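Here the structure comes first, spelled out in structure tokens, and everything after it is commentary.
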Amino acid sequence: PLGGPAAAERTVTTCGYCGVGCSLEVLTRDDQVAAVLPDHNGPVNRGHACVKGRFAHGFLGSPERLTRPLLRRDGRLEPVTWKEALEYIARGLRDAVAAGGPDAVAAISSARATNEENYLAQKFMRVAIGTNNIDNCSRLCHAPSSAGLIAAFGLSGGTDTFDDVETADCLLVVGANPVEAHPVVGARLLQKVLRGTRLIVADPRTVGLARYADVHLRPRPGTNVALFHGLAHTLWAEGLADEEFLRRRADGLPELLDLLTGYPPDRVEALTGVPAEDLVAVARLYGRAERPAIIYGLGVTEHLHGTDGVRALANLAILRGAVGTERGFGINPLRGQNNVQGASDMGALPDILPGYGKVTDPLARARAEHVWGAPVPTRPGMRIPEMFAAARAGTLKALWIMGEDVCATDPDGTRVAEALDACSLVVCQELFLSQTAQRAHVVLPVASWLEKDGTFVNFDRRFQRVRPALTPPGEAKTDFAIVHAMASALDVDLGCRTPAEALAECGRVAPLFAGVSHERLDREGAVAWPCPDSDCPGEAKLYKERFATPDGRAKLAACPYLPPGESPDDHYPVILVTGRRWAHYNSGGMTRRTDNIRLDGTDRLDVHPADAARYGLRDGHPVTVESRRGRATLTVKLSDEMVPGQVFCAFHFPSSGVNILTSAHADTITSCPEYKVTAVRLAPVPGT
Ligand code: SF4
């Protein structure tokens, strides 16, 4: 269907699903997608794409797309004009500020939206409202990566680009399932392994890569910090640390060595369930490799001690001298959402301005104030869980949500719904009438990632262009246009009228991105930050001469292992772990409305056959899963990928209610929820 006289128009853009950032060629005819093809010039994907980026675009024409603003009247959402919707929002925001000051308003920005939209959203909150109450969904996934990597090395990003993995001779993949969640990365890793690169996988489940691993470690969920300390203990004990590097470039060794005396392999075996001999084998593999690489995912971050987990993992790279040197590929998080790196880069965070200046730092504030011509609030704002708590307490009056289905995706969903119901104004920008939108006072129809202009930053810090291939349906607008319209309704001019102008302005606030522009990206394709000026090629590999900490030295962390928030007991004897599957993406709002539904049509519970026998469960039959917070019904899938005593479920079908089960326990440093450890009990549904 692609050739012939009516040849399709071709738009090169960046995939709007996962954080790999595949470049795609979108072929359109009559304002409809004819095909999506992987771009052979794509710097990350090099002609590959997965089942999501390539085929999951049927949602665009779904009859369920929102095409007009909706306003709640007499309890029902009714179509209204944009003027009516915006006037209602402006009135509600003014009332909230009048009742509780600027901090009575909060916003949740979006890791699906472009950099420019996130930049404008945080500017709206700081300039038009006068609060730092803005956060994004990295709070739910990689906030511990930001905190941990900044503490260890100085910047919130992976230490290398993925191209460097081509030169690695040993891959340590921890708490990540790239074969399903980041398929193009998974394929590139697998190609390396099939060519002889050593592979270590640390994950409780037998994830796709684990079947190819030299060693597969299966720590009990919630015991990562003990595991990493056990590896560090062995690295040091066996003389595999790079003492010259440590002397020259790192701090904190005495304190760490003191701590590590408590983590010999036999004790770590008792804490984690990982056999001591496997632990020693992994320390030797990683420690003796010439160019080791650490790649990790949400299995490291989504824990009560997620930031400690990132830091303890970073310890390994520092001990080995495998970061900031030619020797290794450092430590690199696999970001889940297309622009979760960029949303944080742009300052859609309650304590961080664009480019990672702190709101408490007078110099960072002064730089932003100079560009914006307006004061920046000095007090850090609320994180997402704090917003919900404040709403339930009555101090947060108005919540603006830019494209997150928080009722479906945030933990302890019942309490999230209570928080929304307690607000006098909830504004939701959405493609579809999500669970969250159904509770909003105003719902605004938005353009999808195939209908907007801007940039994303992928998991290895590359800015890439997003270009509109289609016209948004009906009256839907881009998030960029909506933020401007909301500001205008409050009689505030945010400036930067186009996405290109917004990125240029961001570069004046944030020196890290000053050399990036739409025009340059159109010419060069991709540029990695830091990129302080237009002559800088962008730094693919960080910290070659010095780390970005104040004194230029990496920081080892002596953080003790502490148990997870929930442990199995007689009442809730099984650990539920949640994560992603191959065909779907996050809450499934887009992928469930595509033909991918034929590949995977429901959330199911992976159960080891021994647990199925113990609890009387049968393959394909319904099971009641109950935690301390609620109950959900899922379908059993017998799976030898699981360890007995642990079950796994994805969160792509909100109707299954998985996040009713998950707990409000959260990383003690960043408030990232502990999605990876929920104590549950299982029972067959009677009569099935
Ligand atoms: Fe899109 Fe990620 Fe798939 Fe690439 S790997 S096509 S970025 S979903």
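Among TYR572, TYR356, TYR212, which comes first, then next, by fewest other beta-carbon atoms within 10 Å?
Lowest to highest Cβ neighbour count: TYR212, TYR572, TYR356.
Can you check what the net charge comes to around ARG383, using other residues whose Cβ is under 9 Å from the Cβ of ARG383 (Lys, Arg +1; Asp, Glu -1)?
Residues near ARG383 contribute -2 overall.
What ³J(HN,Hα) values, in whole Hz, does the Karplus curve 6.51 cos²θ - 1.76 cosθ + 1.60 give for segment 217-230 when θ = phi - 60°, with x put for Gly and Pro?
Here the 3J(HN,Hα) series is 8, 10, x, 4, x, x, 10, 3, 4, 5, 4, 5, 5, x Hz.
Starting from the Cα gyration tensor of segment 240-379, multiply each eigenvalue by 5, take the square root, and state the resulting semi-axes largest first in whole Å.
The answer is 36, 18, 16 Å, longest axis first.
I'd like the antiparallel share, as a percent to the nearest 5, of DSSP beta bridges with both residues in the chain.
That works out to approximately 50 percent antiparallel.
Please express the Cα-Cα pair-distance distribution P(r) of segment 123-252 as a list of whole percents, one per 10 Å bin, running from 0 to the bin with the greatest distance.
10, 28, 37, 15, 8, 1
Of the options CYS170, CYS50, PRO532, report the single residue whose Cα projects farthest towards the positive end of the charge dipole of the chain (beta-carbon charges: Lys, Arg +1; Asp, Glu -1).
Going by the Cα projections, it comes out as CYS50.
Per-residue HN-Hα couplings for segment 579-593, Karplus 6.51 cos²θ - 1.76 cosθ + 1.60 at θ = phi - 60°, whole Hz, x for Gly and Pro?
Going residue by residue, I get x, 10, 10, 4, 7, 10, 9, 6, 6, x, x, 8, 5, 5, 9 Hz, with x marking Gly and Pro.
As a footprinting exposure proxy, order CYS531, CYS15, CYS428 by other Cβ within 10 Å, with the fewest listed first.
Lowest count first: CYS531, CYS428, CYS15.
Please work out the Kirkwood hydrodynamic radius for the chain, using every pair of different C-alpha atoms, and report it in angstroms with one decimal place. Walk me through the numbers before you get to the answer.
On the way: mean 1/r = 0.0394 Å⁻¹.
Answer for the chain: a Kirkwood hydrodynamic radius of 25.4 Å.
What is the distance in Å between the Cα centres of segment 252-300 and segment 653-688?
Result: 29 Å between the Cα centres.
Go through segment 169-183 residue by residue and turn each phi into a ³J(HN,Hα) via Karplus (6.51, -1.76, 1.60, θ = phi - 60°); whole Hz please, and just put x for glycine and proline.
Once θ is set to phi - 60°, the couplings for segment 169-183 become 10, 8, 10, 10, 9, 10, x, 9, 10, x, 4, 9, 8, 9, x Hz.
Once you charge only the Cβ atoms, +1 for Lys and Arg and -1 for Asp and Glu, what is the size of the charge dipole of the chain about its Cα centre, to the nearest 20 debye?
Values: 74 positive and 81 negative charges, 105 e Å.
Roughly 500 debye for the chain.
State to the nearest 20 debye the size of the charge dipole of segment 516-653 about its Cα centre, where the only charges are +1 on K and R beta carbons and -1 on D and E beta carbons.
Here segment 516-653 has a charge dipole of around 240 debye.
Loop only by DSSP, 13 or fewer other Cβ within 10 Å of the Cβ. Give me the GluC sites (Glu not before Pro) in segment 212-268 that pass, ordered by residue number.
Passing both the DSSP loop test and the Cβ count: GLU238.
Given +1 on the Cβ of Lys and Arg, -1 on the Cβ of Asp and Glu, and no further charges, what dipole in debye does segment 574-684 carry about its Cα centre, rounded to the nearest 20?
Details: 14 positive and 11 negative charges, 58 e Å.
It works out to roughly 280 debye.
Per the helix-only calculation at 222 nm, which mean residue ellipticity applies to the chain, given -39500 (n - 2.57) for every DSSP H run of n ≥ 4 and division by its residues, nearest 500 deg cm²/dmol? Don't skip to the answer; put the middle values down first.
Numbers: 23 runs with 210 residues, N = 688.
The per-residue figure over the chain is -8500 deg cm²/dmol.
Could you work out the Rg to Rh ratio of segment 574-684, with Rh taken as the Kirkwood radius (inverse of the mean 1/r over all Cα pairs)?
Dividing the radius of gyration by the Kirkwood radius yields 0.97.
Mind listing the long-range amide H neighbours of ALA650? Cut-off is under 5 Å, sequence gap 5 or more, other chains count too, H placed in the peptide plane at 1.01 Å from N.
Placed amide hydrogens put GLY579, ARG604 under 5 Å from ALA650.
Sort 64-73, 106-115 by packing, meaning the average of other beta carbons within 10 Å per residue, with the highest value first.
106-115, 64-73
Per the Cauchy relation, a quarter of the hull surface: what is the mean projected area of the convex hull of the alpha carbons in segment 166-213, in nm²?
Details: hull surface 11.3 nm².
Answer in nm², one decimal: 2.8.
Are there any trypsin sites (Lys or Arg not before Pro) in segment 525-566 that are in a DSSP loop and have at most 14 other Cβ atoms within 10 Å? List them by number.
Answer by residue number: LYS544, ARG546.
Measure of size requested: the Rg and Dmax of segment 304-391, with Cα atoms as the atom set and Å as the unit; please supply both.
Both quantities, over Cα of segment 304-391: 17.0, 50 Å.
Would you kindly calculate the translational diffusion coefficient of segment 143-333, applying Stokes-Einstein with the Kirkwood radius from alpha carbon pairs, for 20 °C and a viscosity of 1.002 mPa s, and quote it in µm² s⁻¹ without decimals?
133 µm²/s
Hey, how many Å between the Cα centroid of segment 57-133 and the Cα centroid of segment 572-648?
When both Cα centres are located, 34 Å separates them.
For a quick check: sort CYS496, CYS407 by the number of other beta carbons within 10 angstrom, fewest at the front.
Details: CYS496 20, CYS407 23.
Going from sparsest to densest Cβ surroundings: CYS496, CYS407.
For segment 9-61, what are the per-bin percents of Cα-Cα distances with bins 10 Å wide, up to the bin holding the maximum?
Values per bin, smallest distances first: 28, 58, 14.
Principal axis extents for segment 489-628, Cα atoms only, whole Å, descending order, please.
65, 47, 37
Rounded to whole Å and ordered largest first, report the semi-axes of the equivalent ellipsoid of segment 444-524 derived from its Cα gyration tensor (root of 5λ).
After scaling each eigenvalue by five and taking roots: 23, 18, 10 Å.
Show me 214-227, 34-47, 130-143, 652-665 ranked by packing, highest mean number of other Cβ atoms within 10 Å first.
Taking the mean over residues of other Cβ atoms within 10 Å, the ranking is 130-143, 214-227, 652-665, 34-47.
Distances longer than 19 Å among the Cα atoms of segment 245-327: what percent of all pairs is that?
Beyond 19 Å sits 48 percent of the P(r) for segment 245-327.
Bear in mind that the values in this text are calculations on the coordinates, not laboratory data. Source: prediction; values computed, not measured. Note that each Cβ is placed from the backbone with ideal geometry, even for glycine, and that neighbours are counted across all protein chains shown.
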